[in-house]
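Here the structure comes first, spelled out in structure tokens, and everything after it is commentary.
Please treat every number below as a calculation from the coordinates, not as lab data. Owing to the predicted nature of the structure, the values given are computational and were not obtained by experimental measurement. Cβ atoms come from the backbone with ideal geometry, glycine included; neighbour counts cover every protein chain shown.
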Amino acid sequence: MSDVTDRYEVVVIGGGQAGLAIGHYLAAQGRKFLILEREHDVAPAWRDRWDSLTLFTPRRYDSLPGLEFPGDPDGYPTRDEVLAYLQRYAAEFDLPVRLGAAARRLSRVGGEFVIDLDDGRLAADQVVVATGPFQEPRVPAIAERLAAEVVQMHSTGYCRPSDLPVGRTLVVGGGNTGYQIAQELAASRETHIAVGTRQPPLPQRLFGRDLFFFLTKTGLIYKSVETRLGQRMSQKETLVGALPKIAKRLGVISHGRATDALGRTVTFADGGQIEVDGVVWATGFRYGHGWIDLPIADADGRLKHRRGVTEIPGLYTLGLQWQYSRGSALLGFINADATFIADQIAARASFAQPAHTTATEASEVTTAGQGD
């Protein structure tokens with residue numbers, strides 16, 4: 001392919017925590033690799049979160065391989081601390097990150113992968129899709145029926161309370177994000193929250209220890225999605241901390257699922273209604289893998305894989321929620337998955353060197369050792 005500008009052993013698509021973690025291991029292997037990041041700085045998913053965001057994992061559990069997260073190990077880092085840490089991480093290990101390079105198409109031509117960029121094409125023997133669990137913001141259809149004067153935004157567009165008018169505000173979504181935003185807004189306005197499915201809360205601290213001390217000591221954080229317990233855990237998200245109680249104490253008014261909207265009025269599942277001046281949709285994300293021109297997504301857009309190894313030899317995922325365990329998408333717990341994928345890359349690279357290697361034989365290498 002004469003239009004290919006450069007070739008690599010591995011191209012990693014995504015310059016967030018997953019892409020940087022796998023980059024650390026690829027550098028240690030001495031690979032010729034490149035990390036593509038569509039935005040103009042690493043870790044844009046963190047930069048785009050609200051200003052006051054604080055992690056619910058203590059710093060002692062937030063380190064990527066090879067670099068300790070600075071600060072009080074028992075304290076909880078802010079969004080800006082995480083950004084600074086990830087920027088430092090990329091610089092510390094001199095990782096080859098190409099910024100402002102969006103992967104427009106990923107395809108396979110002959111025996112290699114081809115990545116189309118705005119300014120050219122790259123080829124790679126192997127590819128890691130590390131674009132993270134947050135693809136495209138999801139907003140329900142009822143949002144379109146709200147009046148133009150109602151200020152509304154997805155949680156990714158919310159930075160601080162001043163983004164919204166000082167009037168009655170509704171946060172839609174009862175996960176960790178929805179509750180944290182509602183608590184912040186409650187200090188300056190009448191705030192409501194619509195919760196479709198009640199999520200079980202876990203205490204942030206217990207017997208003077210952080211929740212993640214118990215999750216790691218008991219091994220629950222590492223339970224594979226292939227186990228019965230892991231499968232049950234993966235079916236529902238869990239609130240960290242007594243968020244509903246805190247919200248109630250701060251004056252946040254709780255409702256059931258938001259089912260309809262018209263003008264300035266939002267209707268809930270129990271038939272109740274309120275008029276709103278602003279709405280924050282903390283309603284999660286939908287999959288956005290349409291740029292991958294390969295048969296690796298199911299009907300819902302989820303990437304099909306087993307512990308990050310897809311059915312296409314040499315193509316992997318990293319950083320998805322429950323890719324293998326509860327920690328797969330958490331900063332600091334992604335190391336196990338990154339190590340596993342790096343080992344798969346090394347095994348395939350070694351196995352693929354003989355000219356007679358077949359695609360079937362190579363696939364058998366990458367699927368080895370994937371039990372619990």
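Under 1.5 on a/c is rounded, so check that first for segment 121-209, then, if it is not, pick prolate when a/b is larger than b/c and oblate when it is not; a ≥ b ≥ c are the square roots of the alpha carbon gyration tensor eigenvalues. Since a/c reaches 1.5 but b/c is at least a/b, the shape of segment 121-209 is classed as oblate. Other residues lying with their Cβ under 10 Å from the Cβ of Tyr316 contribute a combined charge of +1, Lys and Arg counting +1, Asp and Glu -1. Computed over neighbours whose Cβ is under 12 Å from that of Ala186, the net charge equals +2, Lys and Arg +1, Asp and Glu -1. Whole Å is fine, so just give me how far the alpha carbon centre of segment 111-126 lies from that of segment 1-24. Taking the Cα centre of segment 1-24 as reference, the centre of segment 111-126 is 9 Å away.
For the pair segment 135-154 / segment 289-345, the C-alpha centres are spaced 30 Å from each other. The H on the amide N of Arg108, modeled in the peptide plane, is under 5 Å from the matching H of Val114, each at least 5 residues off or on a different chain.
Structural descriptor for segment 102-248: relative contact order 16 percent, calculated from alpha carbon pairs under 8 angstrom and at least 6 residues apart. Peptides 82-92, 333-343 ranked from most to least packed by the mean count of surrounding Cβ atoms within 10 Å: 333-343, 82-92. Extension gain, Val109-Ala336: 0.36 nm per intervening residue step, less the Cα-Cα distance, totals 78.6 nm.
Spatial offset of segment 50-79 relative to segment 181-204 amounts to 23 Å, using the alpha carbon center of each. Mind listing which chymotrypsin sites (Phe, Trp or Tyr not before Pro) in segment 207-265 are in a DSSP loop and have 15 or fewer other Cβ atoms within 10 Å? Those satisfying the criteria are Phe207. Long hydrophobic helices in the chain: the complete DSSP H runs spanning 20 Å or more by Cα along their own axis with mean Kyte-Doolittle hydropathy of at least -0.5 are 335-351. Which of (i) 19.9; (ii) 23.6; (iii) 17.1 is the computed mean projected area of the Cα convex hull in nm² for the structure on display? Looking at mean projected area of the Cα convex hull in nm² for this model, the match is (i). Grab the other residues whose beta carbon is less than 11 angstrom from that of Ala130, score K and R as +1, D and E as -1, and report the net. Taking every other residue near Ala130 into account, the sum is -2.
Sorted from longest to shortest, the spans of the Cα atoms of segment 86-139 along the three principal axes equal 38, 38, 21 Å.
Annotation for segment 278-325: trypsin sites (Lys or Arg not before Pro) lying in DSSP loop with at most 14 further Cβ atoms inside 10 Å of their Cβ are Arg302, Lys304.
Close Lys pairs in the chain (alpha-carbon distance under 23 Å; sequence gap of 8 or more, or different chains): 6.
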